Amino acid sequence: MNEPELPSGTHRVCHRCGTAAAESVWCESCGLNLKQQDELPTADAYAAKKREERWLHLQTERAQGENAGREHAARQAPKQTAKVAKISLGVAAALLLVGGGAAAALLLFGSDDQQRATPAATEPAGSPAEGRERATTRRQAGRAPRATNCRDVIDIGPTGSDPADAVSITARGVSCGDVRDVLVDFFRNSIQAGTAPGNAFSVQDFTCRETSGGGSCKRRDGATIKFSLG
Ligand SMILES: [Zn+2]
């Protein structure tokens, strides 16, 4: 794409065309009456504004391409379209920042407010996870809270590849909402520390380990979290 070169510097320019403002009343290039303007931008400010406009325009065009048949609407609301594109970029940046695992966690654990209100998540009857949960409950009977299946907490979110379907999470002595917080930090910490499977590391007040397909965390009071990624 051939874009006109943008000016740079701290001198004042015509805000319509970017030409350096001379002593004369009129812009040499486009004829705008410069003396009537409240304040002329610096060349750097003008260039920054133009770059932003180009970027917004690009995002809008891209969004229009992706939404064939919605071109008209996109043209009617270019600012909104750009905003959505900006958010998408933000999400993409976050994914790059924290890595795939944490990204999945962030997406999966995206909205937990309503989940906090219903900590006792349920699961389909007769599933393997339920069998394990029952066995755990029997072992722990009388001395620890029942294990909760927190799969519903993570089995949400607008994930493209949707790894959520293969994930299981069980927690004992800790709410599913807290599980979410711990696991987000789990991925963050393990990526930062470059933790090898089997090595223990701290996540909030838990001691956690990665396993081949997931991880487990324990707290001194006996609370546990176990999860596996599909
Ligand atoms: Zn001008």
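Quick rundown of the values:
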{"quantity": "Single residue of the stretch 145-173 satisfying the filter (part of a helix (DSSP H, G or I), closer than 13 Å to Gly214 by Cβ and over 18 Å from the mean Cα position of the chain (by Cα)) that is modelled with the highest pLDDT", "calculated": "Arg151"}
{"quantity": "Filtered residue count, the stretch 179-207, keeping only those that are free of Cβ contacts under 8 Å to residues at least 24 places away in the same chain and buried (at least 20 other Cβ atoms within 10 Å of the Cβ)", "calculated": "1"}
{"quantity": "Leading residue by the ranking (surrounded by the fewest Cβ atoms within 10 Å (Cβ to Cβ)) among those in the stretch 8-23 that are at negative phi and in contact with a Lys or Arg (Cβ under 9 Å, 6 or more places away or on another chain)", "calculated": "Ala20"}
{"quantity": "Pair list, Cβ < 6 Å and 6+ apart or interchain, from the stretch 31-48 residues that are part of a helix (DSSP H, G or I) to residues that are of a type in the set (S, T, N, Q) and more than 10 Å from the ligand (Cβ to nearest atom)", "calculated": "Ala43/Ser8; Asp44/Ser8; Ala47/Ser8"}
{"quantity": "All positions within the stretch 210-222 that are over 17 Å from Val184 (Cβ atoms) and assigned to a strand (DSSP E or B)", "calculated": "Thr211, Lys218"}
{"quantity": "Subset of the stretch 174-209 [within 23 Å of the chain's Cα centre (by Cα), modelled with pLDDT of 75 or more and farther than 17 Å from Asn149 by Cβ]", "calculated": "Asp181, Val184, Asp185, Phe186, Val203, Gln204"}
{"quantity": "Residues that are out of contact with any helix residue (DSSP H, G or I) (no Cβ under 7 Å at 6 or more places or on another chain) and within 7 Å of the ligand (Cβ to nearest atom), drawn from the stretch 9-23", "calculated": "Arg16, Cys17, Thr19"}
{"quantity": "Matching residues in the stretch 24-49 - criterion: being more than 9 Å from the ligand (Cβ to nearest atom) and either surrounded by 13 or more Cβ atoms within 10 Å (Cβ to Cβ) or of a type in the set (A, V, I, L, M, F, W, C) (or both)", "calculated": "Val25, Gln37, Leu40, Pro41, Thr42, Ala43, Asp44, Ala45, Tyr46, Ala47, Ala48, Lys49"}
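The values are calculated or read from the model by the stated rules, or taken from the named source; none is laboratory data. Model, not experiment: these values are computed from the prediction. Every residue, glycine as well, gets a Cβ built from its backbone with ideal geometry; the counts of neighbours run over all protein chains shown.
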